[in-house]
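Below is one structure, written out as structure tokens; comments come after it.
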Amino acid sequence: MLSPIILGSESDREFAAKITAKLDQLKVPYEIFVASAHKQPKKVLEIIERFEKEKKICFITIAGRSNALSGFTAANSSHPVIACPPFKDKMDYSINIHSSLQMPSNTPVLTVIDPENAALATARILKN
């Protein structure tokens, strides 16, 4: 049981800490990686492939703006993917939420806005 957490940018670490604090509390192990689907797609693919043979994995992806990371992860993995996009403010949210909600066919991404709820959903997925 593990939750790989992929950050689209190093600047997402502070936001990720809200998720990892809850995962720690729930005793869910995780590993953090930083790789942009736009700028480093091969690195993201290597991360995904590293976990593909594992049985109990739930990815958490943290990327804002044009969130390719979540869709790229879901399209290349057979494991669940929870997108938890960081928004700077309400304007950022209203402009960028659709990049996490609207995914192409065969690209199942669950979007959870609240970081603690993303951790809780991950724990529930992994414990079933």
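Bear in mind that the values in this text are calculations on the coordinates, not laboratory data. Given the structure is predicted, the values throughout are model-derived calculations rather than measurements. Don't worry about glycine lacking a Cβ; one is built from the backbone with ideal geometry, like all the others, and counts go over all protein chains shown.
At most 13 other C-beta atoms within 10 Å and a DSSP loop state: those are the exposed GluC sites (Glu not before Pro) I care about. Give me the longest piece of the chain that has none. The segment 55-128 is the longest one with no such site. Summing Lys, Arg as +1 and Asp, Glu as -1, what charge do residues with Cβ under 12 Å from the Cβ of A123 carry, A123 excluded? Neighbour charge sum, excluding A123 itself: +3.
Here's the list of lysines a cross-link from K55 could span, going by alpha-carbon distance under 19 Å and ignoring same-chain residues fewer than 8 apart: K27, K127. 3J(HN,Hα) along region 54-68: 6, 8, 10, 10, 9, 6, 10, 10, 10, 8, x, 6, 8, 6, 7 Hz, from the Karplus curve 6.51 cos²θ - 1.76 cosθ + 1.60 with θ = phi - 60°, whole Hz, x for Gly and Pro. Applying the Karplus relation 6.51 cos²θ - 1.76 cosθ + 1.60 with θ = phi - 60° to region 23-35 yields 3J(HN,Hα) values of 4, 4, 4, 8, 6, 9, x, 8, 10, 10, 10, 10, 6 Hz, where x marks Gly and Pro.
The gain in end-to-end length when the K39 to M91 segment is fully stretched comes to 16.2 nm, 0.36 nm per residue minus the alpha carbon separation.
Taking square-rooted eigenvalues a ≥ b ≥ c of the alpha carbon gyration tensor, is region 71-120 rounded, prolate or oblate, where a/c under 1.5 means rounded and, failing that, a/b exceeding b/c means prolate?
Oblate is the answer for region 71-120, as a/c is 1.5 or above yet b/c matches or exceeds a/b.
Spin-label model, S11/K53: points 7 Å from Cα along the beta carbon direction are separated by 3.8 nm. Shape analysis of region 31-128 places it in the oblate category; the axes a ≥ b ≥ c from the Cα gyration tensor give an a/c of at least 1.5, with a/b not above b/c.
Couplings 3J(HN,Hα) of region 7-12, computed from phi: 9, x, 7, 4, 5, 8 Hz, in residue order, whole Hz [Karplus 6.51 cos²θ - 1.76 cosθ + 1.60, θ = phi - 60°; x for Gly and Pro]. Could you name the lysines in cross-link range of K39, using Cα to Cα under 23 Å and dropping any fewer than eight places away on the same chain? The reachable lysines, counting only those whose Cα sits under 23 Å from K39, are K88. Its Cα centre serving as origin, the chain has a Cβ charge dipole (Lys and Arg +1, Asp and Glu -1) of approximately 220 debye. In straight-distance terms, cross-link reach from K53 covers every one of the aspartates and glutamates whose alpha-carbon lies under 17 Å from its own, apart from those fewer than eight places away in the same chain; here that gives E31.
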